[in-house]
Amino acid sequence: MSAIAHKSVPLPDDIRARKGGVPIVSLTAYTTPMAQLMDAHCDFVLVGDSVGMVLHGLESTLGVTLEMMILHGRAVKRGLSRAMMVVDMPFGSYEESREQAFRNAARIMAETGAGAVKLEGGVQMAPTIAFLTGRGIPVMAHVGLTPQSINTLGGYKVQGRGAAGEALLADARAVAEAGAFSVVLEKLPAALADRVTEAVDIPTIGIGASAGCDGQILVVDDMLGLFTAFKPKFVKRYASLGDEAEAAIATYAAEVRARAFPAPEHVFADTEPMK
């Protein structure tokens, strides 16, 4: 059972109200079965554009399309009855104009049943966030390491060290003032993440940030040890399912080649009743 029992699916305002309270729990999900597993334990579930790398074998999130996000959003929604669902807006779906952002966010909300959308960017995206929230679309912001901007950030580097920390603080303040109900802080020095958490009146959701954030999120495949080729420093592996799965597959392959599978109990006799 969840540590926090939800009588109904939380709304963005319910998440906002958790500022400074019991830490908010979140994971990514891309499929119905995984969403079902985490539904009782998470406050919100993010359909992240990381799906492009985790499930589709892309080298970055830049190739993820709106159609991919809607497809996986629909799948995740079928597995949720308690947790709120947030869907990432993919690269190129919101940067051109506020009107483009509204059109695509509205499509995500209508076609997936999401409770909110998430988009990357700080000061420069604040007018877009204000435009969306003013028209009934709840927005979760994302500052720090923004994976859709890795080509301009120079890779997956820690953000906000030294004097750059002030710009990150300004980003967080801007998205909060624009109406975001929460903000993801990715790959920031812990001390800076704590400063941001104290500086804004909306919950901060850390990923590679600080235990002092108002909540935490991880890519579920990372924390389960399914995505074994890559392990960021900020990931704690709570299981090694990738190794277990590979061992099981190897055993299956060996049994097939040895004609040990299927065994008699796995095949049907002529006299066996139809089921």
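Could you give each residue of region 132-138 its phi-based ³J(HN,Hα) in whole Hz, using Karplus coefficients 6.51, -1.76, 1.60 with θ = phi - 60°, and x for Gly or Pro?
5, 5, x, 10, x, 10, x
Taking K and R as +1 and D and E as -1, what net charge do the other residues with C-beta under 12 Å from the C-beta of A35 add up to?
+3
Loop only by DSSP, 13 or fewer other Cβ within 10 Å of the Cβ. Give me the GluC sites (Glu not before Pro) in region 5-107 that pass, ordered by residue number.
Sparse-neighbourhood loop GluC sites (Glu not before Pro): E59, E96.
Pull out a ≥ b ≥ c, the square roots of the eigenvalues of the alpha-carbon gyration tensor of region 151-255, then state rounded if a/c is under 1.5, prolate if not and a/b is larger than b/c, and oblate in the remaining case.
Since a/c reaches 1.5 and a/b is larger than b/c, the shape of region 151-255 is classed as prolate.
Once you wrap a convex hull around the alpha carbon atoms of region 12-239, what is its projected area averaged over all directions, in nm²?
Quarter of the Cα hull surface area: 11.0 nm².
Could you compute the FRET efficiency for A263 and D243, with r as their C-beta to C-beta distance and R0 at 35 Å, rounded to 0.05?
0.85
Report, by chain and number, residues whose modeled amide H sits under 5 Å from the one on I24, excluding near sequence neighbours (fewer than 5 apart, same chain).
Excluding prolines and chain starts, which carry no amide H, the hits are G215, Q216.
Going toward the positive end of the dipole of the chain, with +1 on Lys and Arg Cβ and -1 on Asp and Glu Cβ, which of M68, P33, V9 do you reach last?
V9
Provide the per-residue ³J(HN,Hα) series for region 88-100, in order, calculated from phi with Karplus coefficients 6.51, -1.76, 1.60 and θ = phi - 60°, each as a whole number of Hz, with x at glycine and proline positions.
Going residue by residue, I get 5, 8, x, 3, x, 9, 8, 7, 5, 6, 5, 5, 4 Hz, with x marking Gly and Pro.
Let's test the formula: R0 of 51 Å, r as the Cβ-Cβ distance of Y252 and R103. What FRET efficiency results, to the nearest 0.05?
So the FRET efficiency works out to roughly 0.60.
Which of L192, L55, L169 moves most in a GNM of the chain, Cα contacts under 10 Å?
Looking only at L192, L55, L169, the biggest GNM fluctuation is shown by L55.
For L62 and K231, what is the calculated FRET efficiency with R₀ set at 22 Å and r taken between the beta-carbons, to the nearest 0.05?
0.50
When a footprinting reagent is the concern and you count Cβ atoms within 10 Å, what order do R161, R195 take, fewest first?
Starting with the residue having the fewest Cβ neighbours, the order is R161, R195.
Which of the aspartates and glutamates could a cross-linker span from K187 if the Cα-Cα distance has to be under 20 Å and same-chain partners fewer than 8 positions apart are dropped?
D49, E59, D88, E120, E166, D171, E198, D214, D221, D222
Per the helix-only calculation at 222 nm, which mean residue ellipticity applies to the chain, given -39500 (n - 2.57) for every DSSP H run of n ≥ 4 and division by its residues, nearest 500 deg cm²/dmol?
Helices in the chain give a 222 nm mean residue ellipticity of -10500 deg cm²/dmol.
Long-range amide H contacts for V184: which residues qualify at under 5 Å (H placed 1.01 Å from N, peptide plane, sequence gap of 5 or more or a different chain)?
The answer is A141, H142, V143, I205.
Read the figures in this text as sums done on the coordinates, not as results from a lab. Model, not experiment: these values are computed from the prediction. So basically every Cβ, Gly included, is an ideal-geometry build from the backbone, and we count neighbours across all protein chains shown.
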